[in-house]
Ligand code: HEC
Ligand code: HEC
């Protein structure tokens, strides 16, 4: 009898686990990379190629979000999620929002039945409609445009994470760029060597700067010119 109660409890615990609502720790972004990216481009904005196998996920998101027709506008996103969660397992020419020419070019998406669970499908679909939005696209394009507008030297500094450790005119982990520029004003080649080889204990005891031997000479030249000009460029760099 005691054994039976034990078994019964165990059974209840397991069924309870089974009925847990959609697990919050399913990572829609990772799952999208894992289960969809082999066919769908997942960049935003997408990298368009002539031999793409399927529409980019951003296009899928925009299509589905505008073409599903909810009776109640507030349900647009939840209906879109429902559509995608279903499409993954039951794709069909009738359901697809792709135009005829694209469907002919790509062919119908194969069903992913058995390749992922319905909770995973929902997590992917939710991620698609929270990430691939017009608002996020505009944000990304704006920051891309802001990055493009920067001086070439500042782009190289950002790419190599220099500005994570060096403030423009404030000391962070390392000295400020203004202090560095003042020290090396007439010693550009020495500064380039420091960047290439790293530095240890020069500015303060125990301070270490990693070596950046992988930056090529041309980029080092542009980067150094930019650093040496920071004192006179302060207003431009700091808006
Ligand atoms: C083996 C390749 C392949 C994989 C993997 C794949 N798809 Fe597709 N998918 C396609 C193709 C091809 C189309 C275009 C034809 C169509 O609409 O069925 C498509 C179309 C779609 C559509 C309909 C698009 C529209 O605008 O109507 C959705 C939604 C979709 N895919 C979601 C996904 C999601 C989410 C995943 C990952 C879980 C995924 N697909 C994985 C090939 C694939
Ligand atoms: C992980 C943090 C970190 C990163 C990333 C970093 N630095 Fe440094 N940097 C430091 C520290 C700390 C010092 C001071 C080291 C010392 O006292 O010897 C320093 C010192 C320097 C110096 C002065 C060296 C000297 O001999 O006086 C230069 C020039 C410099 N960094 C440039 C750069 C550039 C350019 C980049 C990007 C390519 C960069 N740093 C990335 C931490 C960093």
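Out of curiosity, is residue 222 in a helix (DSSP H, G or I), near ligand 2 (Cβ under 10 Å from one of its atoms) and either free of Cβ contacts under 8 Å to residues at least 40 places away in the same chain or more than 30 Å from residue 58 (Cβ to Cβ) (or both)? In short, no. Scanning the range 196-228 for residues that are crowded, with 16+ Cβ neighbours inside 10 Å and more than 18 Å from residue 159 (Cβ to Cβ) yields 199, 228. Scanning the range 208-219 for residues that are assigned to a loop (DSSP other than H, G, I, E, B) and more than 9 Å from ligand 2 (Cβ to nearest atom) turns up 211, 213, 214, 216.
Considering only helices (runs of 4 or more DSSP H) fully contained in the range 85-192, which possess at least 1 residues that are more than 14 Å from ligand 1 (Cβ to nearest atom) and touching a helix residue (DSSP H, G or I) at 6+ places or on another chain (Cβ under 6 Å)? Walk me through how you get there before you give the answer.
Details: elements: 100-106, 118-131, 134-148, 152-159, 162-165, 177-183.
Hits in the range 85-192: 152-159, 162-165, 177-183.
Kindly list, by first and then second residue, each pair from a residue in the range 185-196 that is within 20 Å of residue 232 (Cα to Cα) to a residue that is modelled with pLDDT under 95, limited to pairs with Cβ atoms under 9 Å and residues at least 6 apart or on different chains. Taking only residues 6 or more apart or on different chains, the pairs are 185/231. Any residue that is touching a residue at least 24 places away in the same chain (Cβ under 8 Å) and farther than 29 Å from residue 44 by Cα - is there at least one of those in the range 197-208? Within the range 197-208 (the criterion being touching a residue at least 24 places away in the same chain (Cβ under 8 Å) and farther than 29 Å from residue 44 by Cα), the answer is yes, since at least one residue qualifies.
In the set (1) at pLDDT 95 or above; (2) loosely packed, with under 14 Cβ neighbours inside 10 Å, residue 119 fails one condition alone, (2). Within the option set 55, 70, being near ligand 1 (Cβ under 7 Å from one of its atoms) and over 18 Å from the mean Cα position of the chain (by Cα) holds for one residue only, 55.
Checked across the range 46-60, the condition of being closer than 16 Å to residue 112 by Cβ, loosely packed, with under 15 Cβ neighbours inside 10 Å and assigned by TED's automatic domain parsing to the domain that holds residue 115 holds for at least one residue.
The values are calculated or read from the model by the stated rules, or taken from the named source; none is laboratory data. The shown structure was predicted, so the numbers you read here are calculated from the model rather than taken from an experiment. No Cβ is skipped: glycine too gets one built from the backbone with ideal geometry, and neighbour counts run over all protein chains shown.
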